[in-house]
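Asks: A single structure is presented below for examination.
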Amino acid sequence: MSTSPRTFVRTTLDLGDATLHPWGHEPAGPERLDDLVAAAADPTIALWNPLATADHKAAQTWLEAREDGWDRGVGAAFAALDTTDGTLLGTVNLRWTDRADGLAMIGYWFLPDARGRGLATRATRAVTTWGFHTADARRIELAHATGNDASCRVAGRCGYLPEGTLRESHLFGDGRHHDEHLHARLATDPEPLP
């Protein structure tokens, strides 16, 4: 593993009602293949965050890629698991886009039962703060399709300021390139109010 201070090192983050575990190892390892297949079939995830996990083989490949990101210190993919029963709730992923410059990108998806309870906001805030404080991120960007109002609300609640619209910037699950809103936070920005 790199000795760079800009290295994501496996950790677990406790949110109280949910725990963020690194993907690739128990309890967020191969035992989650069925969960990943189910997540790929959710219509909202399939549109805004299409997962290449339609079957067990594809889900295993997805897991191995997340584990490799952790091994190389370039990606921090967290599974959000219910603290009480271990149910998969969603994921938050932080990855370097320009490691030398301290520039990272964050993204997330949550399953239907986890939506509407503020979990995406709390998990994204926790991973953002962790990225700034433990991996020396300088700037973290968040992009979402302009039609994804829920992600726009999460970005705002997490202190990611709107910076503009990226025209036809990303291919989404409907096979179309959508415009995206770009938001960003700097390490020097104040923490957002609860």
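Asks: Any chance you could look up the accessible area of D136 with a 1.4 Å probe, heavy atoms only, rounded to 10 Å²?
Replies: 70
Asks: Right, something else. What residues qualify as long-range amide H neighbours of W109, i.e. H under 5 Å apart, gap of 5 or more or another chain, H built at 1.01 Å from N?
Replies: T91
Asks: Count charges around D17 for me, please; just the other residues with Cβ under 12 Å from its Cβ, Lys/Arg as +1, Asp/Glu as -1.
Replies: That sum, taken over residues with Cβ under 12 Å, equals -1.
Asks: Sequence-distant or interchain residues sharing an amide H contact under 5 Å with G29, placed H: which?
Replies: When sequence neighbours closer than 5 places are left aside, the close amide H contacts are G24.
Asks: How do T97, T188, T124 rank by accessible surface area computed with a 1.4 Å probe, from largest to smallest?
Replies: T188, T97, T124
Asks: Per residue, how much accessible area does region 57-165 show when a 1.4 Å probe rolls over the protein heavy atoms, in square angstrom?
Replies: Averaged over the residues of region 57-165, the accessible area is 42 Å².
Asks: While we're here: Please work out how much accessible surface I106 shows to a 1.4 Å probe, ignoring ligands, DNA and RNA, in Å² rounded to 10.
Replies: Estimated to the nearest 10 Å², I106 gives 10 Å².
Asks: For a quick check of understanding: with a 1.4 angstrom probe and all protein chains in place, what accessible area in square angstrom does E168 have, to the nearest ten?
Replies: For E168, the solvent-accessible surface is approximately 130 Å².
Asks: Right, next: Taking only complete DSSP H runs, can you tell me which helices of the chain stretch 15 Å or more along their own long axis by Cα positions and average at least -0.5 on the Kyte-Doolittle scale?
Replies: What comes out of the filter, once short or polar helices are dropped, is 119-135.
Asks: Here's a follow-up. Calculate what fraction, in whole %, of the accessible area of the chain sits on carbon and sulfur atoms when a 1.4 Å probe is rolled over the protein chains.
Replies: Carbon plus sulfur share of accessible area: 53 percent.
Asks: Using only the Cα atoms of the chain, each taken as one equal point scatterer with no solvent, compute I(q) by the Debye sum, divide by I(0), and report log10 of the ratio at q = 0.13 Å⁻¹.
Replies: For the requested q values the scattering log ratios are -0.66.
Asks: Just to make sure I understand: if all protein chains stay in place, what is the order of T7, T134 by accessible area at 1.4 Å, largest first?
Replies: Putting T7, T134 in descending order of accessible area: T134, T7.
Asks: Show H56, H133, H183 ordered by accessible area, largest first, where the area counts protein heavy atoms only and the probe is 1.4 Å.
Replies: Output order, biggest surface exposure first: H133, H56, H183.
The values are calculated or read from the model by the stated rules, or taken from the named source; none is laboratory data. It should be emphasised that the depicted structure is a prediction, and the values quoted were computed from it without experimental measurement. Here Cβ is always computed from backbone atoms with ideal geometry, including for glycine, and neighbour counts include all displayed protein chains. Note: areas computed on protein heavy atoms with side chains; ligands, DNA, RNA excluded. Shrake-Rupley method; radii C 1.70, N 1.55, O 1.52, S 1.80 Å.
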